[in-house]
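Participant: Pasting in a structure now, in structure tokens, and then I'll have a few things to ask.
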Amino acid sequence: MFVPCDRGGSSAAPDFKGFTLLMPAVSVGNVGQLAIDLVISTLDMTKVGYFYTDCLVPMVGNNPYATAEENSTELSINAEVYSLPSRKLVVLQIRSPFIKNKYRPFCETLLSWVKSSKCARVVLLSSSHAYQRDDEQLLGTPLRYLLTPDLEKAVGGHMKELKWKEMEKVAAYPGISDTDKVLHIPGGGITKLLFTESCSEGIQMAVLLKFCSEGDNIPDAFILVNYLNEWLQLIKSEVNPSSQWKIPSSWRLLFGNGLPPALF
Amino acid sequence: MATFFGEVVVAPSRAGLDEEEEAREETPEDREIRREIEKKREVEVLWNWQSGGCAEEPLVCSRFIVAIGRNAAAFLSSFILDSVCWEVVGVVKLWNEWCRTSSTTNVLPTDSFCLFYRLISDPTVLLCQCSCYVAEDQQFQWLEKVFGSMQKKGLQVTILSTCPVADYKTQESTLTLVSPFLKALKTKEFQEQVCCPLLEQPNIVRDLPAA
């Protein structure tokens, strides 16, 4: 699945042992993906490879993080891997939607790659439909987290210090009391599947998600990436953290072209 | 989204499918149905080597030109292809909700088809005219089966395709743009001069040309 980039003659696969894998779920508002774009762009991460997969709709374009003429002509595809060895961080960006019936094969292949590359833990950025919140969830923070049992032992205490809110479970059969409580992440794409698989495979995974709706999701992306930063401290957050994130050049024209002058 | 008063619809999300559908466990019946549908949607590449060349060995190919979509296919028909210099060497047979292609090589311009031609004077030059729509779940299969038959060392691939001007993202309005116009994407291994400007961010190419 993972194909390393050919960088200056060295064709050996990069070593991700002990790294944190940061990745998005393709979810409502694409908030996870936008947040990942901010991380890659701000930390100026180097592309180290891509996923050769039949699970995502194919797409290609020129470098979405281009800053100048010189670096704007590198091709970019639907699933690419970036790394920052100094922070032991490897980031997967997913750019296109999943093809029908391919959620499960992708999750299985991804988790087996996580295990074979010996990543220490996985952090999944996601979102969930805001309109599905219950009365209690409508109040307070729209941000939630989830930890697999293995990661709960390591960082559960830290989450409590940060006063983070764990994602609530809901009744399997709403309206009927005394039913089992289950995890329900509407609009979260592969989030629930990846999380439950990680629990059963003993993988250390954290899910960070925000309740949101479709629309201009740039502010949601900033809120989610600042939430992530409270924990991982990727950038300095003493000053206004939002101003520290660098918006990639590909975020231009998100809502269409310029207007025809003849309109006025 | 325009709907009639009172119609309650689930707003489509950019996130794609609702995960509940995917998370449901498959019954043996579901699995059987899914397998049958997958079999029906399988892409078949049929090579027809008339003048030498074994079907089992990978085809030696130096240049491969692929025209995807009716416009690009028509371009090749009008300016490049003729029955004197080119011979048909293969066909792709597939079915999806939008079209069906057959294994016949005798096609009309209005048919949906996917044919491979070889230059008689230089049999390492291959051309593909793909006017049929290759669905999302078939694109990867098409790619693997077509390129799987080829020896890829030293191969130069050129992909011709069209997109509506309305999809082009630019600072000005597309109304004032002079169209049609050409844009290109190239891998870093392609060292030759490109005949037109490169495609600017944030524009992208999707589906079979992207695959």
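Participant: Amide H of B:F113: which non-local residues (sequence gap of 5 or more, or other chain) have their own amide H closer than 5 Å, using H built in the peptide plane?
Facilitator: Distant-sequence amide H within range of B:F113: B:S131, B:C132.
Participant: Which net charge results for the neighbourhood of A:F16, defined as the other residues with beta-carbon distances under 12 angstrom from its beta-carbon, given Lys and Arg at +1 and Asp and Glu at -1?
Facilitator: Value of the local net charge: +4.
Participant: Then there is this: When a footprinting reagent is the concern and you count Cβ atoms within 10 Å, what order do B:I80, B:I33, A:I99 take, fewest first?
Facilitator: Listing B:I80, B:I33, A:I99 from fewest to most nearby Cβ atoms yields B:I33, B:I80, A:I99.
Participant: Whole number please: convex hull volume per residue of the Cα set in the range B:52-166, in Å³?
Facilitator: 127 Å³
Participant: Treating the Cα atoms of the range A:15-252 as identical point scatterers in vacuum, please give the log10 of the normalised Debye intensity I(q)/I(0) at q = 0.08, 0.16, 0.17 Å⁻¹, two decimals.
Facilitator: With no solvent term, the Cα-only Debye profile gives -0.29, -1.24, -1.42.
Participant: Same structure again: Would you mind working out the magnitude of the charge dipole of the range A:15-252 relative to its Cα centre, with +1 at each Lys and Arg C-beta and -1 at each Asp and Glu C-beta, to the nearest 20 Debye?
Facilitator: My answer is approximately 380 debye.
Participant: Leaving out same-chain residues fewer than 8 places away, which aspartates and glutamates sit with a Cα under 18 Å from that of A:K169?
Facilitator: By straight Cα distance, A:K169 reaches A:D134, A:D135, A:E136, A:E152, A:D178, A:D180, A:E197, B:E19, B:E20.
Participant: Please report how far the C-alpha centroid of the range A:108-183 lies from that of the range A:36-91, rounded to the nearest whole angstrom.
Facilitator: Spelled out, the Cα-based centre of one part sits 27 Å from the other.
Participant: Could you tell me the relative contact order of chain A? Use alpha-carbon pairs under 8 Å, at least six residues apart, and round to a whole percent.
Facilitator: Value for chain A: 27 percent.
Participant: Now for a separate question. Aspartates and glutamates within cross-link reach of A:K153: Cα-Cα under 16 Å, excluding same-chain residues under 8 positions apart?
Facilitator: Reachable aspartates and glutamates: A:E161, A:E166, A:E201.
Where a number appears in this text, it was derived from the coordinates with a stated rule and is not lab data. Remember, predicted model here, so these are calculated numbers, not experimental data. Cβ atoms come from the backbone with ideal geometry, glycine included; neighbour counts cover every protein chain shown.
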